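What follows is a single structure, written as structure tokens, with notes after it.
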Amino acid sequence: MNPSKPTIAILATLNTKGKETQFVAECLTRAGAAPWIVDLSLKSHGVDGADAVGASVADAGGASWQTLNKQSRQDAAAVMSEGGKKLLLDRFIKGEISGVIGLGGANGTDLVCSIMRALPYLVPKVMVSTVAGTAAVQWYVAESDIAMYPSIGDVALNRITKSVMENAVLAVTAAAKNWAAKQQAKSKHSPLVAVSSFGGTAGCVDRVSERLESLGYEVILFHASGAGGKSLERLAASGELAGVIDVTTHELTDLIVDGVYSAGNGRLTSAGAAGVPQVIVPGAIDHANFWVGQVPERYKAREFFQYNAQNLLMRTNAEEFEKLGREFAKRLDEAKGPVRVLVPLEGFSEHTKRRARDLKGNDMGPWKHPGEYRIFADSLKTHMKTACIEELMLHINDNAFADTCVDAFVEIAKT
């Protein structure tokens, strides 16, 4: 690994983006980096210029490059994605790669990003794409840290797109030099604790973060909007975390009602599997998220609060609270490390101070339903077999509750 001249992988399909790939390679060389070109073409061809040719990528993916000619685009892409991941990770593990840049249209972006996502966080990843400004970016980037560069025009050579590619090259080269230098420095860091956050739990999150920092911890916040929860789980699995104070487990509510902020079935699992200490709070599970104007028909008779121009919050009902208790228990019972669950029975979010409304704007009464919070707590206690559960007659955003979270974490972190 050479910080002064880092090696940067270029991921592209040379049969369709050969000239563009060579242009990016030349830009990398001028910027002080060494290009390593990986050909991801889904069909065999005679275009030269790759360091890792398509045949070797396909072979690493478990197939012959020639046989891909007869396969569907989707099946061929799956082979090249698998092979690309193996080759890239092998070079990375050996310390021979300090960054990666990709080129592509819609299908190329999907293929390249699937390979980039296999690299750990902070390894520089830049994608020059025709679809960087579309809603599909949430799937291309997912819980990774890929930087997307809109190509403005199609990925072809002209003075506009050349400038975009040059900018992307300069960005990834500078980031790769910085990343490589940090790897050599091997700096010591304070233990890192993850805290999940949301606007409705900000009072607790802020107090928890301040106290952790005063105790010598470094804090990383994860917004509970789906991608944030996935990122928390991925970082926990990577061994980067000293612990988790999961204040805002809201994404599990969206999971059970198919809301737009679900983090998938992996939420509340990886930290436990990694054995790190966890303090778990049912923060903001009193609602799910839908986009304004897109509430499923089955929920249109429910109670809501419009949070902003885009987000419509649906109040969690008794049946869902009972199910959430079971979901929390199922996940936390699998944890290999110490777990404490703290339940603030006076309210799970700041929205307990609001009024609920129907979709026409009519008042439906208070958002706060303490009896339903009790249903969650009882369900949790009924199904939980391992973790310690503590109920507190406090609101989640009371300072006393936040202090209890930190005290509990300090206690179990010593075990």
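The values are calculated or read from the model by the stated rules, or taken from the named source; none is laboratory data. These numbers were taken from a predicted model, which means no experiment stands behind them. Backbone-built Cβ (ideal geometry, glycine too); neighbour counts: all protein chains shown.
Structure above, values below:
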read-out: Failed criterion for T134 (all others in (1) of a type outside the set (A, V, I, L, M); (2) modelled with pLDDT of 95 or more; (3) not in a helix (DSSP H, G or I) hold); value: (2)
read-out: Index of the failed condition, K188 passing every other in (1) modelled with pLDDT under 95; (2) in a helix (DSSP H, G or I); value: (2)
read-out: Residue, farthest from the chain's Cα centre (by Cα), within the range 180-221, restricted to residues that are within 24 Å of L394 (Cα to Cα) and among the polar types (S, T, N, Q); value: S214
read-out: Residue match in the range 222-231 (condition: loosely packed, with under 15 Cβ neighbours inside 10 Å and either within 23 Å of the chain's Cα centre (by Cα) or free of Cβ contacts under 8 Å to residues at least 60 places away in the same chain (or both)); value: no
read-out: Residue match in the range 185-192 (condition: over 22 Å from Y261 (Cβ atoms) and in contact with a Gly (Cβ under 8 Å, 6 or more places away or on another chain)); value: yes
read-out: Of the criteria (1) out of contact with any strand residue (DSSP E or B) (no Cβ under 9 Å at 6 or more places or on another chain); (2) in a loop (DSSP other than H, G, I, E, B), which one A181 fails; value: (2)
read-out: Residue check, A50 in contact with a strand residue (DSSP E or B) (Cβ under 6 Å, 6 or more places away or on another chain), in contact (Cβ under 8 Å) with a residue 60 or more places away in the chain and under 20 Å from K86 (Cβ atoms); value: no
read-out: Qualifying residue in the range 214-237 (condition: of a type in the set (S, T, N, Q), modelled with pLDDT of 95 or more, not assigned by TED's automatic domain parsing to the domain that holds G95 and not in a helix (DSSP H, G or I)); value: no
read-out: Single condition V79 does not satisfy, out of (1) surrounded by fewer than 19 Cβ atoms within 10 Å (Cβ to Cβ); (2) assigned to a helix (DSSP H, G or I); value: (1)
read-out: Flag for N308 being among the polar types (S, T, N, Q), touching a residue at least 60 places away in the same chain (Cβ under 8 Å) and out of contact with any strand residue (DSSP E or B) (no Cβ under 9 Å at 6 or more places or on another chain); value: no
read-out: Residues located in the range 301-343, provided they are over 18 Å from V244 (Cα atoms), touching a Leu at 6+ places or on another chain (Cβ under 7 Å) and outside any loop (DSSP other than H, G, I, E, B); value: F304, F305, Q306, L324, G325, E327
read-out: Residue check for T67: at pLDDT below 95 and surrounded by 19 or more Cβ atoms within 10 Å (Cβ to Cβ); value: no
read-out: Flag if A106 is surrounded by 20 or more Cβ atoms within 10 Å (Cβ to Cβ) and either at pLDDT below 95 or more than 27 Å from K162 (Cα to Cα) (or both); value: no
read-out: Test: L313 is touching a helix residue (DSSP H, G or I) at 6+ places or on another chain (Cβ under 6 Å), closer than 17 Å to P366 by Cα and in the same structural domain as H369 (by TED's automatic domain parsing); value: no
read-out: Residues being surrounded by 15 or more Cβ atoms within 10 Å (Cβ to Cβ), in a helix (DSSP H, G or I) and either outside the structural domain of L312 (by TED's automatic domain parsing) or not acidic (D, E) (or both) - total across the range 350-393; value: 10
read-out: Checking I396 against (1) over 19 Å from L332 (Cβ atoms); (2) part of a loop (DSSP other than H, G, I, E, B); (3) not hydroxyl-bearing (S, T, Y), the condition it does not meet; value: (1)
read-out: Residues that are touching a helix residue (DSSP H, G or I) at 6+ places or on another chain (Cβ under 7 Å), touching a residue at least 60 places away in the same chain (Cβ under 8 Å) and surrounded by fewer than 20 Cβ atoms within 10 Å (Cβ to Cβ), drawn from the range 112-137; value: Y121
read-out: Tally, over the range 19-47, of residues that are under 21 Å from A77 (Cα atoms) and either of a type in the set (V, I, T) or in contact with a strand residue (DSSP E or B) (Cβ under 8 Å, 6 or more places away or on another chain) (or both); value: 8
read-out: The one condition in (1) modelled with pLDDT of 95 or more; (2) crowded, with 16+ Cβ neighbours inside 10 Å; (3) in the same structural domain as P120 (by TED's automatic domain parsing) that W179 fails to fulfil; value: (1)
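Quick grid of which residues meet (1) farther than 20 Å from P6 by Cβ; (2) in contact with a Cys (Cβ under 8 Å, 6 or more places away or on another chain):
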{"position": "I146", "(1), (2)": "no, yes"}
{"position": "G153", "(1), (2)": "yes, no"}
{"position": "R159", "(1), (2)": "yes, no"}
{"position": "A174", "(1), (2)": "no, no"}
